[in-house]
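Written below as structure tokens is the structure these notes are about.
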Amino acid sequence: MIKTAEAPDRYGLRACTALVATVVALVVALVGIPTPASAAPAENAFYVAPDGDDSNAGTLEAPFRTLDRARDAVREVNADMSGDIHVYLRGGSYPVDSTVEFGPEDSGSNGHRVIYSAFENETPVLEAGAEISGWTQHDGDIWSAPLDRADKLRALYVNDQRAVMAYKNVSSQGCYGEYTITAGQAPWAWESGTECDGARYALSDVPEISGNAEDMEIQTATTWTTAIVGVRDVTTSEDGTSRVLLFQQPGAAIAAGAFNGNFQVRGSHKLMNAYEFLDEPGEFYYDRDAKTVYYYKAESEDMATASVFAPGNVETVLSVAGTSTTDRVHDLSFEGITVRHTDWDLAEVDGASFKQAQQANIINSAYVHGNFHVYHYRNVDLQPAAIEVTSAANISLERNRVEHTGADGISLINDVVDSQLTGNVTRDIGGTAINVGHPQHVYIGDAAEDNKEKFPADVEGAPTNIQITNNYVYDSAKLFLGSPAVGAFFVDTMTFEHNVIEKTSWAGISMGWGWWNFNGSPGSIEPGNPTTVARNNSIRYNEFIDTVNDRNDTGPVYTLGAQPDTIISHNYIDGVRAGHTYGLHADEASAYITFDSNVLDISDGVTYTINSEDWGSKHNLTITNTWATVWNKYANDPPDSHIEPIMVYEDAVWPLAAYAVTANSGLEPAYRDLLGAEATMSPDHVLPASVEADGSATSIPIRGTGDASATIWLAPEGTTDFASGDTMTAAPGDATSIELPSEAGTYHLFVVTESGEVSAASTDLVRRTLAEFTDVDVPAGVVDVPYSYELKATGSPTFDVIDGALPDGLTLAEDGTISGTPTTAGTFTADIQAQSAANAVTTTITIRIHAERPASPVVTVTEERASTPGNGTGVAALTIGNPTPDEVTYSVEVADGAGEAVFSSTATVDAGAEAAIEATDLVIGSYTATVTGNDASEPVTVSFEITEAEIRYAKVIGVASERCLTVPGDSTDVGTQAILFDCHGEANQRITVTADGELTVFDGSTCLGTQGGGTGTGTAIVTQDCTGAETQKWEIQPDGSIRSAVTGVCMDAWEAATSNGTRIALWWCSGDANQRWMFDGDMEAPTVSLTSPAGDVSANEVTVNVDASDDVGLKSISADIYQDGELVQSTHTDVADGAATASHEATIALAGGEYEVRYAATDLSGRTSETESFTFDLIAQPEFTVEAWTECVGPKVMLRTSVTNDDDEQVAVHVSTAYGEKSWDDVNPGRSKSARFMTEESAVSAGVATVTVTGVTTGDTRTEEMPYDAAHCG
């Protein structure tokens, strides 16, 4: 089966952790990742073992116990080295309770290295966690165990799998309380402002929390990242209607006040870390007071035998840190070591726990409102990493494993030069797996006494000459979803090649920083002073699998800023989901970057295959030789750029050149063991993609299994017996290519082990095609007129005439081109052979040569239908007349004003007949249509234009909000910002779309443009005098988005809000509903009529009935009750199926008084009728309850009554029966009065008691009759 854009289950770590479970989880295992270390004792060698002793000599026979002790021993001998010093770590677990630090004194010397490595074929584990035992059943599938830990617990690992904090997704009801910051009140208070102090929730959504409320967290999400704030208390609102979670401050204020990626007080919230949320397998909760951890186990888990670890308060296990650019750590290697179970309890400011980043794996630590560019990124820092390197040179990390981290994996932070990461595995990383650089490297050496720069001038340096090759980066950003798997900020000469990046939340690799804000342009942060740090970087031969799984607005490869001489090529992108996602994303100010020979197997639902539009100061981009399964692209290319059209293969069966990219991507053969034997023996590893192998090829490249004893076969699907022949070929298990079957057909790949075990067929296929003619409809020619036509065939064959003859004067070249000048009229026939590397085929062609040119076709444009907003395109109807006596096939090519082909078609027309062709999807502009016949007649070219007539619309309606683009307050003042507001169709909502692309309001007197002529995101859309300025012109797209004609960015309802008053501004186009608009020309509002009430009402309730009708169709009907101008009750009916007529009925309980009912209806286009009103008096009647019954008193019947005053005022009560009457003048609210009437009869018939109740103050009267039963007492 040909795979779709969803990536296959490619490697072993993806579906299971068999490799990890057998190699790493059993920390005393001896067999592990192969390492380059030798087991033989070396002259300069120390040994460390879990059962060693730090008082030992550090020999093989008497090893040290700790890495710290071995490091200290090295310090005694490394000052004047004559050879490398080796420190060998034996297999097993090394508990780490604090960071192991390496400084300049731990460096190699005299060109030699200090190498810390695993003993041959053994796996040392630097264990930062603690194993948990003593599990007992607590409640059903919830188990508990003791854990002595002072801090909250954010991670737990059960059988080598990450568990998650117990959580619940709820909707916030909004802000609760205020927290005010004054600039300068603390080091973190850079600016002043007020933020929410908490959030409110429905009582039904958030239960009371039994304990450790301060360990709870709230996570919110924006387009490309998430933010987390800590909770300080859980309480209930003063009115008792809402649960309140109070935030830890100032952390929450810092997170909420940020410019972008900020904590969202409203909207969807993920509440985490409370026992009350523990309701799904794989969740845990740590009760810090009880020192007990609870885990909700899966059905398959046995807690009696489960291996469970908790992190142990160590954020960084290995730190390699020099002190300055002249005092670096250098010549240090770490090989074959596993680091795992690091911790991080989020950022902390003044005791408040939180995590907020505008983008990527950074932490905001200051209260600021502005975009982080304006602070030179000095308000942000990096997340901690399990391994950190800074101020270092010639550092090598090879074949190490970093897994189960609380934050990042490996971080090369500052002034790291000439260093390598080779063959490492990262797995289950909380944030970014590999980080290079720091955002403050925008300028180097710019620290000043008071500018808050992190790195002093003599310390700061951008990472330079960094090689990251053959690493397997698996399952990143588990906790912090906006972290890229690999992040590089301002980096000079970074080589990122032959890596596998699999399973990411956001980007696979993010390279570059600074956007356009530091390009030195006018309006940038430092005009005339562009950053020049990032350059000479390479992202090549990598495989990206199943990336961009959660967050949006990115691609597997994401770039920012100018990076001269940077190349991104020969990468295989296998799987990007549909949505606000991209295949490749060259974001703001990306420049001087070449993208070449990349293969993108992605969903057809991505927003753009390549996001490389002319926006955000992008320029000088070269994008060539891109193969993809889909082609969605912005219309405009950046300045000074060359972007070739995508070569689309919707079925993901690639041509040979593209397939070669997939086969050569990812890990090189020497490092494929990192994937595990199960993965490398898989046919889907050996054949990584589908390929169309035409007759030009005799073999295709494959990836070897690593097992030379196995056999790789190409054979038809379903094959069980394998034998070489025309339909089967074989290769050794470690082969790098395989011969193709000689017969055309569809083949799959199989792996057969030495013992004869046969794998399933590969998911991908090999489609073997041979030489075959595809176009032999050879056109006619004319004597003495130069002629040229190219025969087409698959298989890259050579062509030859094997029989017959071409017309005199014409010859056939090997590439299939027939050319020359015919000299003789007539009809000529020739047999042509196409010979490929695999086969030869023959066809017969006929060429007619005319003595004179036939008459040209008669071409007219009979209709030019103007395009309209809402679909953005028009149609030109062409009529082609054939004036000749022969049937002629005409081709039509339509080109736009720039000469670019935009439409093509063909029509075969009988002699003397006509044919019609509609050229479709034509945007506004000038066009030419060229019609060419296959009879050698002169082509005919006609010109036409697609124009957009001025069209007036009642409203421009937001798709997400169903509210209208509005100028608030009917203000015609220049500079008034447009907003969303309920649609009513008045002058401040009537939008005119002019032929020049202007949007005018107030019936054409005012234009909507960008504030101050700005073009950047966030620029407000405001009213302006119409001047014809380009920033007042808009392009309405087929998806309903409205784009600036200058920059291509979109008109956006800010922050995806939908409420009245939401401001309208520019933002980069996402395709989201808050950027799409409906254009409505319906000018007629619905009609409404009130059928009830028709007059005053004597009751304690009123029934309102409204009838409505509309030709377009009704959406809703409303009726609201007012008293003294204040709304008392609102009622509403949504009309089903857009019916043309409908009714709304509501019964409303009211007190006595004068009321007004206001009623209206809204149609499907959003137009609302004038609000009608009717005034009536409701004559309230007292509320009371009556009971009447009979009972026997001796032989006589007694009638009894009881009247209860249910009203809120005193009433007078009168009871009348056939046996007497009783009155009370002052019955208080809530009180009852009873009466007894002796009938003096032994039997009475059923009857009624009449009760009249009159309000003492209002005089309102109500009478009720209460029946009683017959009785017989004789």
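The values are calculated or read from the model by the stated rules, or taken from the named source; none is laboratory data. The structure presented is a predicted model; accordingly, all values stated were derived computationally and were not measured. Note: ideal-geometry Cβ built from the backbone for every residue, glycine included; neighbour counts use all protein chains shown.
Below, the figures for the structure above:
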{"item": "Region 1112-1146, subset part of a loop (DSSP other than H, G, I, E, B) and modelled with pLDDT of 85 or more, residue farthest from residue 1171 (Cα to Cα)", "result": "1124"}
{"item": "Selected residue (criterion: modelled with the lowest pLDDT) from residues of region 679-695 that are among the aliphatic types (A, V, I, L, M) and assigned to a strand (DSSP E or B)", "result": "693"}
{"item": "Flag for residue 1257 being surrounded by 13 or more Cβ atoms within 10 Å (Cβ to Cβ) and closer than 12 Å to residue 1211 by Cβ", "result": "no"}
{"item": "Yes/no for residue 741 being modelled with pLDDT of 90 or more and under 30 Å from residue 823 (Cβ atoms)", "result": "no"}
{"item": "Test result for residue 795, within 30 Å of residue 690 (Cα to Cα), surrounded by 19 or more Cβ atoms within 10 Å (Cβ to Cβ), touching a residue at least 12 places away in the same chain (Cβ under 8 Å) and assigned by TED's automatic domain parsing to the domain that holds residue 830", "result": "yes"}
{"item": "Region 132-160, subset within 14 Å of residue 343 (Cβ to Cβ) and of a type outside the set (A, V, I, L, M, F, W, C), residue surrounded by the most Cβ atoms within 10 Å (Cβ to Cβ)", "result": "154"}
{"item": "Qualifying residue in region 244-263 (condition: in contact with a Leu (Cβ under 7 Å, 6 or more places away or on another chain) and not acidic (Asp, Glu))", "result": "no"}
{"item": "Region 1015-1048, residues that are within 27 Å of the chain's Cα centre (by Cα), of a type in the set (Val, Ile, Thr) and at pLDDT 85 or above", "result": "1019, 1021, 1042"}
{"item": "The lone exception for residue 673 - which of (1) closer than 30 Å to residue 121 by Cα; (2) touching a strand residue (DSSP E or B) at 6+ places or on another chain (Cβ under 8 Å); (3) not in a strand (DSSP E or B) it fails", "result": "(2)"}
{"item": "Filter pass, residue 1082 being surrounded by fewer than 17 Cβ atoms within 10 Å (Cβ to Cβ), among the acidic types (Asp, Glu), modelled with pLDDT under 90 and part of a loop (DSSP other than H, G, I, E, B)", "result": "no"}
{"item": "The one condition in (1) modelled with pLDDT under 95; (2) surrounded by fewer than 24 Cβ atoms within 10 Å (Cβ to Cβ); (3) not aliphatic (A, V, I, L, M) that residue 592 fails to fulfil", "result": "(1)"}
{"item": "Region 768-787, residues that are surrounded by fewer than 19 Cβ atoms within 10 Å (Cβ to Cβ), charged (D, E, K, R) and farther than 19 Å from residue 850 by Cα", "result": "772, 775"}
{"item": "Residue ID - farthest from residue 128 (Cα to Cα), chosen from residues in region 348-358 that are touching a Ser or Thr at 6+ places or on another chain (Cβ under 8 Å) and surrounded by fewer than 24 Cβ atoms within 10 Å (Cβ to Cβ)", "result": "358"}
{"item": "Options 719, 698, 727: the member that is assigned by TED's automatic domain parsing to the domain that holds residue 670, surrounded by fewer than 18 Cβ atoms within 10 Å (Cβ to Cβ) and modelled with pLDDT under 95", "result": "698"}
{"item": "Residue in region 718-727 that is in contact (Cβ under 8 Å) with a residue 12 or more places away in the chain and of a type in the set (A, V, I, L, M) present", "result": "no"}
{"item": "Qualifying residue in region 439-450 (condition: surrounded by fewer than 23 Cβ atoms within 10 Å (Cβ to Cβ) and outside any loop (DSSP other than H, G, I, E, B))", "result": "no"}
{"item": "Tally of residues being over 30 Å from residue 80 (Cα atoms), part of a loop (DSSP other than H, G, I, E, B) and hydroxyl-bearing (Ser, Thr, Tyr) across region 319-371", "result": "2"}
{"item": "Residue check, residue 1217 at pLDDT 85 or above and buried (at least 18 other Cβ atoms within 10 Å of the Cβ)", "result": "yes"}
{"item": "Qualifying residue in region 635-646 (condition: hydrophobic (A, V, I, L, M, F, W, C), in a strand (DSSP E or B) and without any contact (Cβ under 8 Å) to a residue 60 or more places away in the chain)", "result": "yes"}
{"item": "Output for region 59-69, where each listed residue is surrounded by fewer than 21 Cβ atoms within 10 Å (Cβ to Cβ) and either assigned to a strand (DSSP E or B) or over 51 Å from the mean Cα position of the chain (by Cα) (or both)", "result": "59, 60, 61, 62"}
{"item": "In region 1049-1075, residue farthest from the chain's Cα centre (by Cα) [restricted to those that are on the phi > 0 side of the Ramachandran plot and part of a loop (DSSP other than H, G, I, E, B)]", "result": "1061"}
{"item": "Test: residue in region 1202-1213 that is on the phi > 0 side of the Ramachandran plot and in a strand (DSSP E or B)", "result": "no"}
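Residue-wise test of (1) polar (S, T, N, Q); (2) free of Cβ contacts under 8 Å to residues at least 24 places away in the same chain; (3) touching a strand residue (DSSP E or B) at 6+ places or on another chain (Cβ under 9 Å).
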{"residue": "139", "(1), (2), (3)": "no, yes, yes"}
{"residue": "145", "(1), (2), (3)": "no, no, yes"}
{"residue": "154", "(1), (2), (3)": "no, no, yes"}
{"residue": "157", "(1), (2), (3)": "no, no, yes"}
{"residue": "197", "(1), (2), (3)": "no, no, yes"}
{"residue": "220", "(1), (2), (3)": "yes, no, yes"}
{"residue": "247", "(1), (2), (3)": "no, no, yes"}
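To keep it simple, each residue is scored yes or no on (1) at pLDDT 95 or above; (2) hydrophobic (A, V, I, L, M, F, W, C); (3) closer than 30 Å to residue 300 by Cα.
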site: 243; (1), (2), (3): yes, no, no
site: 248; (1), (2), (3): yes, no, no
site: 254; (1), (2), (3): yes, yes, no
site: 267; (1), (2), (3): no, no, no
site: 270; (1), (2), (3): yes, no, yes
site: 277; (1), (2), (3): yes, yes, yes
site: 280; (1), (2), (3): yes, no, yes
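Matching residues to (1) surrounded by fewer than 24 Cβ atoms within 10 Å (Cβ to Cβ); (2) more than 24 Å from residue 357 (Cβ to Cβ); (3) touching a residue at least 24 places away in the same chain (Cβ under 8 Å); (4) among the polar types (S, T, N, Q):
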residue	(1), (2), (3), (4)
468	no, no, yes, no
480	no, no, yes, no
489	no, no, yes, no
501	no, no, yes, no
516	no, no, yes, no
522	yes, yes, no, no
542	no, yes, yes, yes
545	no, yes, yes, no
